[in-house]
Amino acid sequence: MNINGYLDYINAPWGRLFYRLVWHNLEFINKKILDFGSGFGVTSNHLAKFNDVTAVEPNSELLEHRICDNRYEQIIGGIDNLRRMDNDSFDVILCHNVLEYIENRADLIAEFYRLLKHDGILSIVKHNKNGKIMHKAVFENNIDEAIALLNGENALSQNFGTINEYEIEDLKDCIAERFILDKVYGIRTFYGIQPNSFKCEPDWEERMFILECAVESEPVYTNVAFFQHLILKSK
């Protein structure tokens, strides 16, 4: 894992914009929230300003750089820690860019369902292969890797290794009797294929935030966004 590379990413304009776009659709107040795979705690810290947040992260190296301006509970661990928690413990569960690295997604999603209250919300952020192909072909001009992705190969993350990407359809068996898919948002629709030099302009972040928000719910754009943000409601 490239810890320094990940830190550089979250502090860059394009990293800050990613989190702003995710938070734009997570405006909760007075909720009990679980952030599973919390990383440096960027989202946990943000939501803890107005909510009761429990963060779970298995990688202790990431926690050495944890952001905790606002108070929240931090647990070092994984799914075994969830199994020790009571039923109906949370109003909201976050699982952002985590399922790509989990061997048994069905077990984890079942555990989320047990922990969520009735009508609770599960927020999943996932990589989108269509967006990855666009990024490889346009931003990186890496046509060979774009073709490999089209042929079913997995991409590599500079910071986390192999990304075992999946489609929304791949989750249907896991969620069918537990959740309703309420919303699908696209994230990094446009800015992932722009040169980074553009992103250092003084007002770039604000203008791009407006543009991304304007199309985030349109299927023609969500289908090609680099990330997809799924909002599911517990039955």
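The values are calculated or read from the model by the stated rules, or taken from the named source; none is laboratory data. From a predicted model like this one, the values you see are computed outputs, not experimental measurements. Cβ: placed from backbone, ideal geometry, glycine included. Neighbour counts: every protein chain shown.
Given the structure, is GLY37 on the phi > 0 side of the Ramachandran plot and in contact (Cβ under 8 Å) with a residue 60 or more places away in the chain? Yes. So, ASN70, is that one without any contact (Cβ under 8 Å) to a residue 24 or more places away in the chain, among the polar types (S, T, N, Q) and over 28 Å from VAL184 (Cα atoms) or not? No; evaluated as a whole, the condition is false for this residue. Show the residue pairs that are 6+ apart or on different chains and have beta-carbon atoms under 9 Å apart, the first residue being within region 170-187 and more than 19 Å from ALA110 (Cβ to Cβ) and β-branched (Val, Ile, Thr), the second being exposed (fewer than 12 other Cβ atoms within 10 Å of the Cβ) and at pLDDT 95 or above. As it stands, the answer is VAL184/PRO219, since those pairs meet every condition given.
Residues in region 1-54 that are assigned to a helix (DSSP H, G or I) and polar (S, T, N, Q): 5 in all.
For ASN70, indicate whether it is touching a strand residue (DSSP E or B) at 6+ places or on another chain (Cβ under 9 Å), modelled with pLDDT of 95 or more and in a loop (DSSP other than H, G, I, E, B).
yes
Here is the figure for region 83-109: residues that are under 19 Å from the mean Cα position of the chain (by Cα) and either more than 22 Å from ILE10 (Cβ to Cβ) or loosely packed, with under 13 Cβ neighbours inside 10 Å (or both) total 9. Filter region 40-58 down to residues that are among the hydrophobic types (A, V, I, L, M, F, W, C) and touching a helix residue (DSSP H, G or I) at 6+ places or on another chain (Cβ under 9 Å) and give me whichever is farthest from GLY77 (Cα to Cα). Among those that are among the hydrophobic types (A, V, I, L, M, F, W, C) and touching a helix residue (DSSP H, G or I) at 6+ places or on another chain (Cβ under 9 Å), it is LEU47.
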